[in-house]
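Down below is the structure, laid out as structure tokens.
None of the figures in this text is laboratory data; all of them are computed from the coordinates on show. Only a predicted model underlies this, so the values are computations on that prediction, with no experimental measurement involved. Please note: Cβ atoms are built from the backbone with ideal geometry, for glycine as well, and neighbour counts cover all protein chains shown.
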Amino acid sequence: MSILKFLGVTPKTAAPDADTETVRRIVVQLEALEPHQARYLAAFAYILARVAYADEQVSDDETQRMEQIVTQFGGLTQAQSVLLVQIAKSQAGLFGGTEDFLVTRQFRDFSKLEERVQLLHCLFAVSAADDSISSVEEQHIREIASELGFSTNDFVAVRLQYSDKRAVLRNLPGGS
């Protein structure tokens, strides 16, 4: 039990009117979903797209992996997943510099720890979609992990599970 909960203080969750423009645009496209689920998925997909854009381009493999992830974790139809990912990619490409931190912070504020851990794994999965996690992608994931409230040790523990995909390790003598 957290000290805040023990003291009867509950953290403030982001209200829908506090959504960033990016999250609002995606939510509108997913009106069939319950509003909280749409907000969650909008931010989740945007953060996935943020990592996919780390090298300034999103490959077909990364796009397909993002679609699979949001279908699996969001309970969406394939059509909804394609729409969500396309909108998230577009928003990340257009507003990445200004929205990245804001959307990630918003996700941190309304998600549970387990959901943030799940997202961290998904970020590595998207980066590894082409069978290699570049140093640039890894740096973006590290930045996002920090914005989500993870310590360096937390980040390294998750990253360790993707060591075979890390390009930096493949360049070492004896690397694959």
* First check a/c for the range 17-176, with a ≥ b ≥ c the square roots of the eigenvalues of its C-alpha gyration tensor; if it is under 1.5, answer rounded, and if not, answer prolate when a/b is larger than b/c or oblate otherwise. => prolate
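Extension gain Q64-T98, at 0.36 nm per residue separation less the Cα-Cα distance, in nm? Write out the running numbers ahead of the final one.
Working: separation 34, 0.36 × 34 = 12.24 nm, distance 2.56 nm.
Stretched out fully, the Q64 to T98 stretch lengthens by 9.7 nm.
Once you list every other residue whose beta carbon is under 15 Å from the beta carbon of T152, what net charge do they have if Lys and Arg are +1 and Asp and Glu are -1?
-2
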* To do: Please identify which residues in the range 111-131 have an amide N closer than 16 Å to a label point set 7 Å out from the Cα of Q57, following the Cα→Cβ vector.
  => 129-131
* To do: Convert 37 °C to kelvin, take the viscosity as 0.692 mPa s, use the Kirkwood radius over C-alpha pairs of the range 18-81 as Rh, and evaluate the Stokes-Einstein diffusion coefficient in µm²/s, rounded to a whole number.
  => 271 µm²/s
